[in-house]
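Here's the structure we're looking at; comments come further down.
The values are calculated or read from the model by the stated rules, or taken from the named source; none is laboratory data. Since the model is a prediction, treat every value here as computed from it, not as a measurement. Note that each Cβ is placed from the backbone with ideal geometry, even for glycine, and that neighbours are counted across all protein chains shown.
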Amino acid sequence: MPHENSPTQKRAAAWLLQRALRFWPRESGEWGRALAAELPLVENSWDALRWTVGGLMVLTREWLRHALDSWKRPIGVPSDGPLESQWQNAPRVPRTPRWVTALLLLASICLVVTPDARHAIRAGLRAWSPYGGWREDTEFVLKLQKEASRHRDPQLLALLALMSGDNNEKTRSAAEAVQGDPSLTWIYSMIRVNEQPCCMLHPPVESGVAELEKWDPDNAVPRLMAAEVVYERAEKAWFESGGRGYFDLEKAVEQDPKWLAAMDFAFKAPKYDSYAPRAFDLCRAVAARYDIREPELTLEVMFRSWLWESREQTRIYDGWLLEQGRAAERAGKLETASEFYWRPVIFAEQVVSQDLNENANWALTYVERDSFQKLEPLLIKMGRTDENEIVQYRLASLQATIKATRWDGRFGSWRWYRDGWAGLAIRTLAIVIPLLAAAAFVSLFIVLRRGRANVESQGRGFAKSCAAVDFCPVLLLIASAGLFAAYHPIAVTYQRVISAPWQINTMGDLEYAASAPYGLPMALGEFSASYFNAYHYWMAAIVALSMLALYILFRRAMKRSTI
């Protein structure tokens, strides 16, 4: 065979084997050194190459064994370091095998990166903010603006018009949306602008109200908004005049023929549609098209479908009708008085029967109750006993409903949270998870960096880092699983709500899905509202700084006394 003793082949074999020694695991390094020492004794160059290839195969086998053994050891415990022989018994050395730590961290990461967990963490962190909830003007509007700048989608522009806090952007987006899709004209019923200089003025867009009246002429809602325009105009005129002296705004609008005509038409209109199903369908379409998953955005839009300002006109007109009825009753015109008393009842029943926004119509319960309270003695006076029995039954039913609902700010919000424990878990774990993750990775860095030093030379910080390496991954997985378990039912509820058309019970489930992450149990909520505020924060800071100052003075006094 030619070139059996080629020096080139021998040099190549020696070079390969020397490079292999650099990567040989330390615990079996003598095997590599023995192979390299035997190589010069091999006379045939081809035998030298075969010897080198065999050495590389031994290297591969040793590396596989080294890798498997390293996964069995704790993190920070090298195979040839001083901790290798002590990690199973020493209290200051990690004891959890690497593969267990890696699996725990990987499982935690898989849970935290899910959309449900990420939204739960964002909601939980927002719940600790001073405003205690979401900020549609700083989060959702920015996302809508970004999408609208790229897609001039009429539905997206309509949603931006509903959510934006800028008056020019509201009106511009609404006009462009309606121009692109006239079926979106209903959005003018939910758009309010912020008048200056007084932020309490929130009139609708007058041109939009006029357009809405033409688009839906048989609906009571546009007429309520026309009355609202008159109301807001009178309020603005009083503020611009300086706002001096007592001004009975309700009496002023009750004497305005335009306001009375609009309210009279609204109470006689054959249809009442607050456009709540349309608003919900708009949210569904935009959320599906642009992957917007936040239930808070949908709830904010639905709150605006409650038409709070227009319902204020209903309350004022109801009071005016009852006053007209009392005047007719004093004048002996009992039949006329009965007609005035019945009109609010008829309107309220029409709204409840035609409008699918059940939660928004709770105030009409009081409208019916007030009318029935006036009708009951009047019907007795008129001798209508059968009709009076029906009124008494309805009045008792309404009073029981009012007592059962107990609609007030404190109870209403707590009812949305459905006991508040899910919100407490979410907001607590949203803080715990980042802290545990930071502690786990910082402790891993410290242990890996200082793992080759002797156990005796390590300080308390290293011992705490070893404990963190053992316990933080376990606690992180428990916290991540707890967060997922707490928020997943909420996410399922919202997914069920947003994937189905609007129904009478949609608002209740939507309130829960959007509000539950921000909730607290009632007792904790009351305690938080009473004591977690700026005044008590300042008091706590003053007490803490005072105690720190006393501690420093005490330490100095003790040092002087020892001297």
Pairs returned, first residue in the range 286-304 that is under 13 Å from Leu144 (Cβ atoms), second residue that is surrounded by 23 or more Cβ atoms within 10 Å (Cβ to Cβ) and among the polar types (S, T, N, Q), beta-carbon separation under 8 angstrom, 6 or more apart or interchain, are Ala287/Thr298
Just one listed residue, out of Ala327, Ala285, is closer than 30 Å to Phe140 by Cα and surrounded by fewer than 19 Cβ atoms within 10 Å (Cβ to Cβ), and it is Ala285
Regarding the range 233-252, can at least one residue be identified that is modelled with pLDDT of 85 or more, among the aliphatic types (A, V, I, L, M) and more than 28 Å from Val141 (Cα to Cα)?
no
Given the structure, is Gln324 in contact with an Asp or Glu (Cβ under 6 Å, 6 or more places away or on another chain), over 30 Å from Ala120 (Cα atoms) and in a helix (DSSP H, G or I)? no
Note: among Asp69, Asp47, Asp80, just one is within 30 Å of Ala439 (Cα to Cα), more than 43 Å from the chain's Cα centre (by Cα) and either in a helix (DSSP H, G or I) or modelled with pLDDT of 70 or more (or both), namely Asp69
Kindly indicate whether Ala266 is touching a helix residue (DSSP H, G or I) at 6+ places or on another chain (Cβ under 6 Å) and not aromatic (Phe, Trp, Tyr).
yes
Touching a Ser or Thr at 6+ places or on another chain (Cβ under 6 Å) and closer than 21 Å to Asp291 by Cβ: is that true of Ala491 in this structure? no
Contact list, first residue from the range 534-563 and assigned to a helix (DSSP H, G or I), second anywhere and not aromatic (Phe, Trp, Tyr), beta-carbon distance below 9 Å, six or more apart or interchain, is Ala534/Pro130; His536/Ser530
Review point. Just to be sure, is Glu294 within 48 Å of the chain's Cα centre (by Cα), crowded, with 19+ Cβ neighbours inside 10 Å and acidic (Asp, Glu)?
Key: yes
Pairing a residue in the range 151-173 that is among the aromatic types (Phe, Trp, Tyr) with any residue that is surrounded by 15 or more Cβ atoms within 10 Å (Cβ to Cβ) and not in a helix (DSSP H, G or I), where Cβ atoms lie under 6 Å and the two sit 6 or more apart in sequence or on different chains, gives none
Exactly one of Asp264, Asp281, Asp273 is farther than 30 Å from Glu511 by Cα, over 18 Å from the mean Cα position of the chain (by Cα) and either assigned to a helix (DSSP H, G or I) or in contact (Cβ under 8 Å) with a residue 60 or more places away in the chain (or both), and that residue is Asp264
Only one of Ala227, Ala262, Ala269 is in contact with a strand residue (DSSP E or B) (Cβ under 7 Å, 6 or more places away or on another chain), surrounded by 15 or more Cβ atoms within 10 Å (Cβ to Cβ), hydrophobic (A, V, I, L, M, F, W, C) and modelled with pLDDT of 85 or more, namely Ala269
For the range 305-315 the number of residues that are buried (at least 18 other Cβ atoms within 10 Å of the Cβ) and part of a helix (DSSP H, G or I) is 4
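Each row is one residue, and each column tells you yes or no for (1) farther than 30 Å from Ala285 by Cα; (2) modelled with pLDDT of 85 or more; (3) under 22 Å from the mean Cα position of the chain (by Cα); (4) surrounded by 15 or more Cβ atoms within 10 Å (Cβ to Cβ).
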{"site": "Thr428", "(1), (2), (3), (4)": "yes, yes, yes, yes"}
{"site": "Val432", "(1), (2), (3), (4)": "yes, yes, yes, yes"}
{"site": "Ala437", "(1), (2), (3), (4)": "yes, yes, yes, yes"}
{"site": "Arg450", "(1), (2), (3), (4)": "yes, no, no, yes"}
{"site": "Ala463", "(1), (2), (3), (4)": "yes, no, no, yes"}
{"site": "Val469", "(1), (2), (3), (4)": "yes, no, no, yes"}
{"site": "Phe484", "(1), (2), (3), (4)": "no, yes, yes, yes"}
{"site": "Tyr487", "(1), (2), (3), (4)": "no, yes, yes, yes"}
{"site": "Thr506", "(1), (2), (3), (4)": "no, no, yes, yes"}
